[in-house]
1. In segment 215-252, how many are under 19 Å from residue 138 (Cα atoms), in contact with a strand residue (DSSP E or B) (Cβ under 9 Å, 6 or more places away or on another chain) and more than 16 Å from the ligand (Cβ to nearest atom)?
2. One residue is enough: does segment 147-170 have a residue meeting the conditions at pLDDT below 95 and under 17 Å from residue 481 (Cα atoms)?
3. Need the failing condition index for residue 211 against (1) part of a loop (DSSP other than H, G, I, E, B); (2) in contact (Cβ under 8 Å) with a residue 24 or more places away in the chain, just the number.
4. Among the residues of segment 387-409 satisfying the criterion of being out of contact with any strand residue (DSSP E or B) (no Cβ under 8 Å at 6 or more places or on another chain) and surrounded by fewer than 21 Cβ atoms within 10 Å (Cβ to Cβ), which is farthest from residue 321 (Cα to Cα)?
5. Within segment 184-201, can one find any residue that is within 16 Å of the ligand (Cβ to nearest atom), modelled with pLDDT of 95 or more and more than 16 Å from residue 510 (Cβ to Cβ)?
6. When the residues of segment 455-471 are filtered to those that are free of Cβ contacts under 8 Å to residues at least 40 places away in the same chain and outside any loop (DSSP other than H, G, I, E, B), which remaining residue is farthest from the chain's Cα centre (by Cα)?
7. Given the condition assigned to a helix (DSSP H, G or I) and under 28 Å from residue 420 (Cα atoms), answer yes or no: does some residue in segment 279-288 qualify?
Ligand code: ASP
């Protein structure tokens, strides 16, 4: 391999190179004067930094692009820097060739950059990229993609590129559109996902498809959500949920190993119902406990009006009482209300005369029996804080799930990688009050759970109880991806469209080419897609996938807050 203008990369020099004449190229990271003429110049490339001792370096400023030729020598006693991979050596007798001059950068490109405002970093993405950490992220992403491709290839999946200028896709977000030049007034949509195309591939006998697919969704920007993102998208024929879960696990394990070197063991599973019931979330962060405890029974005969509700649950914050003042409790109560609760009941667990006692504005409304049953059910200890919500099951779980995260969620780089499959999602998320129509939880091609299929003919209650063959992959409380077994029979699909209120014309206009294709023999099929940037972000311990750099020079990133 040619090394171009250099013999070595900056970050590669070691004691074993002492005595060699080398040429290194890169950017001046720092310059420190050493006596009248000599200067220490830290030279940086994508591999790291090496110290060069330069005579007459007056003209070398930060971020100048230079080639330095010199001899590797040990650093003098006492100046070895163990924090640096090249810290035992330096390059001496240097000849410097300035290849480009540079204006002073708008922010420092060393460790101090972490404190720089994100929008400044994004505006000067090309400078941010020079930083070691960003180079690591970029390369981790590339290593991950290459490992995933190998893993999919190894399992017999074929990489297929699907079109970018298309008719609308049904992922539920808004399409980005591109005006057509040849037919003024009409528009192409950019794909929100290759969903329909991969299903067409199945009808076309591709059997196992995958794609590193760019998806475009016109949604509000959030830290974990951008206009365009990349998914590892896959679909397989004559296969069901178990086959997809296995294939995705192999790909994800390869991805994790490529970035962290760590194996991924078996990925545990929870049903959607259990996830909601225990963690109050369909993407539970299982790095920490604080599970929701059902205490409905404890208050079955209560006199306390606020607890006359179908579902009462508690979260126990172990040892939380001391560090939680009244202001914080008021703030948490406000939040619980914003999240949809009627209120939030808190109770400090204290040492009373005859044992544990509860200190709370509502304690006087609760009988002694209720109080001791609550303590027993939650395992509360002196010094704990208990939080309770009483509402219907969904809302109680939802609010306490958010509260649990607020109280206990570890930082992004703590607690290891806790993958989780969430299975048996409901088929419908809600019934629209205005139209009386159910709203699909995934997309309209999702296969109902076989046992629950008869409920399709029932009323709203039945529909909301229906499970689907849809599943999510969750990592540390983030939804990494989702997928489902698809409906491959026209009659069943028609029934679901009817229920959703999608008319024959609308179905034809939106997904006519898929429905037509299904008339000619569709194999049973199932698939999945997971977000590449989200996974990389979590693996490298970044809080936000926007700080990875898939969109190197993209102005819309300025808008992310
Ligand atoms: N197309 C779906 C998505 O983008 C994934 C799938 O069902 O395969 O979330």
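The values are calculated or read from the model by the stated rules, or taken from the named source; none is laboratory data. Bear in mind that the values here come from a model prediction, so they are computed numbers and not experimental data. For neighbour counting, all protein chains shown are included, and Cβ atoms are generated from backbone atoms with ideal geometry for every residue, glycine included.
1. Residues that pass the stated criteria total 0.
2. Scanning segment 147-170 turns up at least one residue that is at pLDDT below 95 and under 17 Å from residue 481 (Cα atoms).
3. Tallying (1) part of a loop (DSSP other than H, G, I, E, B); (2) in contact (Cβ under 8 Å) with a residue 24 or more places away in the chain, residue 211 fails exactly one: (1).
4. Taking segment 387-409 and keeping what is out of contact with any strand residue (DSSP E or B) (no Cβ under 8 Å at 6 or more places or on another chain), we get 394, 398, 401-402, 405-406, 409.
Now drop any that are not surrounded by fewer than 21 Cβ atoms within 10 Å (Cβ to Cβ), which leaves 394, 398, 402, 405-406, 409.
On the way: 394: 27, 398: 23, 402: 19, 405: 17, 406: 15, 409: 17 Å.
Checked segment 387-409; the qualifying residue farthest from residue 321 (Cα to Cα) is 394.
5. yes
6. Of the residues in segment 455-471, the ones free of Cβ contacts under 8 Å to residues at least 40 places away in the same chain are 455, 457-465.
So of that shortlist, the ones also outside any loop (DSSP other than H, G, I, E, B) come out as 455, 457, 460-465.
Values: 455: 34, 457: 37, 460: 33, 461: 33, 462: 33, 463: 30, 464: 28, 465: 28 Å.
Top of the filtered list is 457.
7. The initial filter retains those residues of segment 279-288 that are assigned to a helix (DSSP H, G or I), namely 279.
Right, trim to under 28 Å from residue 420 (Cα atoms) and you get 279.
Within segment 279-288 (the criterion being assigned to a helix (DSSP H, G or I) and under 28 Å from residue 420 (Cα atoms)), the answer is yes, since at least one residue qualifies.
To keep it simple, each residue is scored yes or no on (1) loosely packed, with under 13 Cβ neighbours inside 10 Å; (2) at pLDDT 95 or above; (3) out of contact with any strand residue (DSSP E or B) (no Cβ under 8 Å at 6 or more places or on another chain).
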position	(1), (2), (3)
335	no, yes, yes
350	no, yes, no
360	no, yes, no
376	yes, yes, yes
